[in-house]
Every structure is written in C-alpha cells, then in structure tokens.
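Have a look at the structure below before the remarks.
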Amino acid sequence: MIRLRESGMDARNFRYLTVTAVLLIFFAALIVVNVSTGSVRISFRDAADAIFGGNLSAPGYDILWKVRLPRIAAGIILGGALALSGFLLQTFFGNPIAGPYVLGISSGAKLTVALMMVFILGRRLTVSSAMLIISAFIGSLLSMGFVLLIARRVRRASVLILSGVMIGYICSAITDFVVNFASDESIVNLHNWSQGSFSGMSWDNVRVMAAVVLAASVFTFFLSKPVGAYQLGEAYAQSVGVNIKAFRVTLVLLSSILCACVTAFAGPVSFVGVAVPHLIKAFVKTSKPLIVIPLCFLGGAVFCLGCDLIARSLFAPAEMSVSSVSSLFGAPVVIYVMSRKAGRD
Amino acid sequence: MDYFFKAERLSVGYHGKPVAEEITVSLKKGQILTLIGPNGSGKSTILKSITKQLTLLGGVAYLGGSAIQEISAKEFSRKAAVVLTERPKPELMTCEDVVAVGRYPYTGALGVLSGMDKEKVYSALRKVNAFDIKDKNFNEISDGQLQRIMLARAICQEPEIIVLDEPASFLDIRYAVEILDTLRSMADESGITVIMSLHELNYAKRVSDWVMCVKSGKVLYLDAPGVIFTKDIINRLYDLREGCYDALFGGL
C-alpha cells in the first residue's frame, strides 16, 4: 500500500474520481433543467410528481412523458454513442481529429436513410426503427469503405481528414437533391432530421437505440485491453498477442454501428465525436481506455444534453438544429487539437 | 536438440517477393546473434519474419521445438518480445504505462494489472535504470531513455527470446553500452536468447556470440565474432576500400 501511494496512484485516482463526479453533477443538473424548461414551464416538484408519483393529473404529465423524457433519453444515449464512435475512429486511424462527422460517415448514413425514407414514405408505408438503423448502418459502412480506400493510398493524416470532409459534402449534396424531389409531407420531417435534431423521439425509437447503443458500448468497453496495446502502434500490439485484423474489423463495425444509430434517429450531429474524447483525455490526463471509454460516454451525454437545451430554448418557440450548437462548441476544440498537432509534427 | 531457436532455409520478404533467402541458423538458450550488413540488405525483414510480423515465404523457424507458425498468437507473445526501430507516439502515456503493455499476455479480459504484474513492471524499469523516469510523459523523453523504456517493456513480457532491430542507433556511447550490457547479462543470467541487428560493428564485436553477415539478401558469413571481425570479411561485406577497417577498429 505504501508503495502504491508513493507512485502517485492516489493522485491519479483522485483526478479520475473528481472528473467523474463533476460530470455526474452536470449530467443530473442538465436532466433537471431539460425536464422543466420548454414551451410549458414545469416546476421541479410537478415533474417529480409526474415521473415518480405516477400522478396522471400532475401538470405537464403528457408533455413530460411524450415529449421531454424520450428526448432527454435520446440525447443521453446518442451523445454517448457519438463520443464512443469518435474514440474508436481515433484509435483506428491513430489520428486525434478523426470522428464520424469529420470523416463523412454520418453523412453517408444520412444519405441512405433519406433514400430509404423517401422510398418508404412515398409508398405511404411507415418507417420502423429497425429500418432506420439498418439503412443508416449500410450508409455509414459505404462511407467508411471510401475513407479506408483513401487511407490505404495516402498515409498523410491531413489528406484523410480532407477526403472525409469531401465525402461528407458529396453525401449531403445528394441528400439535398433527394429531399427536394420528395413529396411534400415527407419533406417537412426530413428537413428537420437532416439538419440534426433530437426532437420527435418516440419511446419505440428510444427502446431500439438503447438496445443497440448499450450492446455496442459494452462491447467497446471490453475492447479496452487491445485498444491500450494498439496505442503503441500496430507492430507492438501484434507482438503482445493482439489479432490485428480482427481488431481493426471490430473497430470499423462498432464505430459504424454507433454512428449509424445516431444518424438514423437524430440526423448528423457534428464534432461531438472529436471534441468529447479530446476534452475527457485532457481532463483525466491519461488515455487509458478503461478510464476514458466510460467517461467518453458520460461526457458525450452531458455535451449533447447541453447542446440540445440551448438548441431548443435559445430562440424558443423556434428550434435550432442541435448540430449548429454542437459545432459552435465542438469545432473550436477540433481547431485547437489540429493546430497543436501540427505544431508538434 | 538443445537448440532453442532454429531457422532452416528461411525465405523472407514482402507480398510474396523474397528480400532475403537461404537463412539458416541455430541458437542455444542464452546466446546472442547479431546481424550486420549494409542498409537494405534484408536484416529488418529477417527480424520481422521470425517474430511473425511478416509471413515466412519459405523454410521453417522453430522456437523451443515448435514451428513458429504453429504457435498461437498468445503463446508466441509469452515467448518472444520485440524492440522495433519505429518510435511509438502514444497520447498521454507515462513511461510506466508503456512498459505495462508488456504484461498484456498475462492479464485478464480487461487488462487490469495485478500487484504481481505491477511488481514486474517496476523490476523491469529498475533493470534498465529507468525507474526514476517512470512517471514522465513517454513522448517527452530522450532517445536513450526511450530505448531503455522499450527494452523494459520487452523484459516485463518475460520472453525466452528478445528480437531487437537496431537497438543502439541514435544512442550515445553510454546508453548504447548500457543497453547491450543489459542484454548480455540477461542472456548469461536468465538464459534469454537475443537476436538483433546492429550498425555499430564495435558493439557487435563486444556483445555477440554469433555474427551473421547479410549482404543483398544472402548470408555471406555466419561465425563467432573473432572470425568475422577481420579486415577481409568486413571490407567485403561493406565494399570498403583498403584501410577503412583499420580506421574503424584502430582503437579497439
């Protein structure tokens, strides 16, 4: 025990615990504020009465259960998913500015979801959560495939990122065409969604995304060990027994499914995947996956709850897209990381 | 059959194209083999192939009696450790974190270090005289310290064979001699077999049991240092003019 203390273990653990505690406080506070603010103000006591008391006649019962709570749940689940997706991509490419939005993977998912929705809605059929996720997953894998092809040809990290941004533009442009050709009533839905928004979530949506994201996140957590070895590079990871091929395929599939889940339900939400893992690592001053992975999830949830609160309350009753708000906070972090990285090289 | 490492007519290279061929060598436990030869002669390719980073194009390499391709990844990682030329650039890792990666083959599903693992990390750090820098950021240490840390990482993997690609390059004489002496004492005391490439001939002469001269993908000579380090052989290996060898080894 004495030796452990000398080695600074306590100082490190203290830092991890402090960061976790601060994030949890923000997390709880944002939930409370998100529950009570909106077009109808619901006092904290009424909200508690409606949520925990099961009091059907509590003021705002319907608004809470049908609108705000599923929206908050979606913010938490999808925010966490985005941060983890970014973390996995950064591990895969060994590049701190890789992320699902920056690499065009979100936009690829957006395109296939838009195509699927126009096709299905045009036939007056209903779109299920599973259809959303599957089409988004196909799109994110296609984009990821393009990015991988480019990454194979060029080793330069900056070229990789630029190519990803371009793929994103191409997919978004095609999505715009598709949306504009679609019939009137579906456009209204599609337009909001294609800008990035947590609004209009149903409990069915939340159940499906929770199942998928939870499974993928637990899987990611159990990748902590190889991710840690991979931080020393592929050759060293292989030399301690990591199956590199299987590991890389797993990273691609997991990051794509997490990103697909977000895009399927909320559209593209920008820069969370780059900003959150970076901020978390800067706070805890380590890149140990066992610490960073759970905190990334929590951090992503806090980040998205905060962004969504601003998006829906700043110009209420009008709503901004959550992606605009997340860009405002996330993009500067990306610029900072890029400039620091360029300075080091 | 008391050879620990055996290579029989290895053919090594990339994408099916051989870079070096007809590599045959046998080593006992605790012996040090050094590969010398001009740049691009195929030394690194040989080292990468016997550590399974590259697939052998032909021939068989044996480790403790089994062919290396038949040893599972996990088992192989408990037998063989490497020190490579590439410098890892991990984010926010301390030297201790880097060394601890060497315990990977022994930890559980989540890679959490036990008290014993931690003890082994510390003893490896002490062995290379790097215990005092264990809390430093790995990206901020000097080349000499870096090589100590990478060796400590290999040591705490508890291998039976360590393969090193140019472990003394970029090091000043103090660090270089210290690293090579550590390898020598591990070979003598713990019976660890060492295979490495070196550019510094005077170091190779000092530390090796066997020296393999590789030139243009062929083994020119394989013998004890006393035989190899003569004017004729070294001049022929490096295409040197008369007199260069004396200049190199004049003081030794």
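Does B:Ala20 count as more than 14 Å from chain A (Cβ to nearest Cβ) and either surrounded by 21 or more Cβ atoms within 10 Å (Cβ to Cβ) or touching a residue at least 40 places away in the same chain (Cβ under 8 Å) (or both)?
Details: more than 14 Å from chain A (Cβ to nearest Cβ): yes; either surrounded by 21 or more Cβ atoms within 10 Å (Cβ to Cβ) or touching a residue at least 40 places away in the same chain (Cβ under 8 Å) (or both): yes.
Here the answer is yes, as B:Ala20 does meet what is asked.
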Find the residue count for segment A:8-64, including only residues that are in a helix (DSSP H, G or I) and at positive phi.
-> 0
Given the conditions (1) surrounded by 24 or more Cβ atoms within 10 Å (Cβ to Cβ); (2) among the hydroxyl-bearing types (Ser, Thr, Tyr); (3) outside any helix (DSSP H, G or I), which single one is not true for A:Thr286?
-> (1)
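Between A:Ala316, A:Ala301, A:Ala311, A:Ala331, which is touching a residue at least 40 places away in the same chain (Cβ under 8 Å), outside any helix (DSSP H, G or I) and either of a type in the set (Gly, Ala, Ser) or surrounded by 20 or more Cβ atoms within 10 Å (Cβ to Cβ) (or both)?
A:Ala316
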Which one of these does B:Gln31 not meet: (1) closer than 17 Å to B:Val194 by Cα; (2) surrounded by 24 or more Cβ atoms within 10 Å (Cβ to Cβ)?
-> (2)
Of the conditions (1) more than 14 Å from chain B (Cβ to nearest Cβ); (2) at pLDDT below 95; (3) part of a helix (DSSP H, G or I), A:Gly200 fails just one. Which one is it?
-> (3)
Identify, from the list A:Met338, A:Met320, the residue that is closer than 26 Å to A:Ala210 by Cβ and modelled with pLDDT under 90.
-> A:Met320
Name the pairs: first residue in segment B:35-64 and in a helix (DSSP H, G or I), second residue surrounded by fewer than 20 Cβ atoms within 10 Å (Cβ to Cβ), Cβ to Cβ under 6 Å, at least 6 apart or on different chains?
-> B:Lys48/B:Leu54; B:Ser49/B:Leu56
Of the numbered conditions (1) at the interface with chain B (Cβ under 8 Å from one of its Cβ atoms); (2) assigned to a helix (DSSP H, G or I), A:Thr263 fails exactly one; give the number of that condition.
-> (1)
Residue count, segment B:87-128, condition in contact with an Asp or Glu (Cβ under 9 Å, 6 or more places away or on another chain), assigned to a loop (DSSP other than H, G, I, E, B) and among the charged types (D, E, K, R), comes to 1
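One residue is enough: does segment A:207-219 have a residue meeting the conditions within 14 Å of chain B (Cβ to nearest Cβ), more than 15 Å from A:Lys110 (Cα to Cα), outside any loop (DSSP other than H, G, I, E, B) and free of Cβ contacts under 8 Å to residues at least 12 places away in the same chain? Steps first, please.
Applying the first criterion (within 14 Å of chain B (Cβ to nearest Cβ)) to segment A:207-219 yields A:218-219.
Pick out the ones that are also more than 15 Å from A:Lys110 (Cα to Cα) and you get A:218-219.
Filter again for outside any loop (DSSP other than H, G, I, E, B), leaving A:218-219.
Next, from what is left, pick out any that are free of Cβ contacts under 8 Å to residues at least 12 places away in the same chain: A:218.
There is at least one residue in segment A:207-219 that is within 14 Å of chain B (Cβ to nearest Cβ), more than 15 Å from A:Lys110 (Cα to Cα), outside any loop (DSSP other than H, G, I, E, B) and free of Cβ contacts under 8 Å to residues at least 12 places away in the same chain.
Restricting attention to segment A:106-137, and to residues there that are polar (S, T, N, Q) and assigned to a helix (DSSP H, G or I), which single residue is surrounded by the most Cβ atoms within 10 Å (Cβ to Cβ)? Please lay out each step first, then the result.
Of all residues in segment A:106-137, those polar (S, T, N, Q) come to A:106-107, A:112, A:126, A:128-129, A:135.
Still in the running and assigned to a helix (DSSP H, G or I): A:106-107, A:112, A:129, A:135.
Working: A:Ser106: 33, A:Ser107: 29, A:Thr112: 24, A:Ser129: 19, A:Ser135: 24.
Checking each candidate, the answer is A:Ser106.
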Can you name the residue in segment A:230-260 that is buried (at least 24 other Cβ atoms within 10 Å of the Cβ) and part of a helix (DSSP H, G or I) and is also farthest from the other protein chains (Cβ to nearest Cβ) among such residues?
-> A:Ala260
What do you reckon, is B:Asp132 over 21 Å from A:Lys288 (Cα atoms) and within 13 Å of another protein chain (Cβ to nearest Cβ)?
-> yes
Look at B:Glu158 and say whether it is within 14 Å of chain A (Cβ to nearest Cβ) and farther than 21 Å from B:Val214 by Cα.
-> yes
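Tell me yes or no: at least one residue of segment B:234-244 is outside any loop (DSSP other than H, G, I, E, B) and closer than 16 Å to B:Ser44 by Cα. Steps first, answer last, please.
Pass one, segment B:234-244, residues outside any loop (DSSP other than H, G, I, E, B): B:234-238, B:244.
Those still in the list that are closer than 16 Å to B:Ser44 by Cα too: none.
No: segment B:234-244 contains no residue that is outside any loop (DSSP other than H, G, I, E, B) and closer than 16 Å to B:Ser44 by Cα.
With the condition kept exactly as written, say whether any residue in segment B:168-179 is farther than 29 Å from B:Thr45 by Cα, in contact with a Pro (Cβ under 9 Å, 6 or more places away or on another chain) and modelled with pLDDT under 95. Steps first, answer last, please.
If we filter segment B:168-179 for residues that are farther than 29 Å from B:Thr45 by Cα, which is where we start, we get none.
Within segment B:168-179, none of the residues are farther than 29 Å from B:Thr45 by Cα, in contact with a Pro (Cβ under 9 Å, 6 or more places away or on another chain) and modelled with pLDDT under 95.
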Taking segment B:83-129 on its own, how many of its residues are touching a strand residue (DSSP E or B) at 6+ places or on another chain (Cβ under 6 Å) and more than 8 Å from chain A (Cβ to nearest Cβ)?
-> 2
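The values are calculated or read from the model by the stated rules, or taken from the named source; none is laboratory data. Remember, it's a predicted structure, so these values are computed and weren't measured experimentally. Using ideal geometry, Cβ is built from the backbone for each residue, glycine included, and neighbour counts are taken over all protein chains shown.
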